[in-house]
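A.B. asks: Handing you a structure now.
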Amino acid sequence: MSGLMKSAMGFEVSMDDDFERKISNILGLVERNALGVAKCELKRVAETNSWVIECLWHDHQAMHAHFLSCQLQDLIGLVVSKSRKIVFKCDSE
């Protein structure tokens, strides 16, 4: 998937099924409603309580529009409610 833009949000949390379902529901909304999104997924980092939400975008404009979206604000609010640390990163694939 060369040429795509990547946005990532890393966080530490004790994940439970309900919290994971809520995150997945929001990511599903992003994939259905955001223009220019290639994929969004939740990934566990090794054997820790660290997780990454990674989205791939076709262009900068689509990624930046997502940064202003209600879905991202809802996602950030959800993650903040249970996480001790959140890190954001954007780059090209």
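The values are calculated or read from the model by the stated rules, or taken from the named source; none is laboratory data. None of the values given here were measured: they were computed from a predicted structure. Methodologically, a virtual Cβ is constructed for each residue, glycine included, from the backbone with ideal geometry; neighbour enumeration extends over all protein chains shown.
A.B. asks: State all residues of region 5-22 that are farther than 15 Å from Phe67 by Cβ and either surrounded by fewer than 18 Cβ atoms within 10 Å (Cβ to Cβ) or of a type in the set (Gly, Ala, Ser) (or both); if no residue qualifies, say none.
C.D. replies: Gly10, Glu12, Ser14, Met15, Asp16, Asp17, Asp18, Phe19, Glu20, Arg21, Lys22
A.B. asks: Does Val30 satisfy the condition of being farther than 14 Å from Lys89 by Cβ, at pLDDT below 95 and of a type in the set (Val, Ile, Thr)?
C.D. replies: yes
A.B. asks: Moving on to the next point. Which members of region 39-58 meet the condition of being on the phi < 0 side of the Ramachandran plot and modelled with pLDDT under 90?
C.D. replies: Within region 39-58, Glu47, Thr48, Asn49 qualify.
A.B. asks: Tell me whether region 64-83 contains one or more residues that are exposed (fewer than 15 other Cβ atoms within 10 Å of the Cβ), among the charged types (D, E, K, R) and either within 17 Å of Met5 (Cα to Cα) or touching a strand residue (DSSP E or B) at 6+ places or on another chain (Cβ under 6 Å) (or both).
C.D. replies: no
A.B. asks: How many residues are surrounded by fewer than 16 Cβ atoms within 10 Å (Cβ to Cβ) and aliphatic (A, V, I, L, M) when one looks only at region 41-63?
C.D. replies: Number satisfying all stated conditions: 4.
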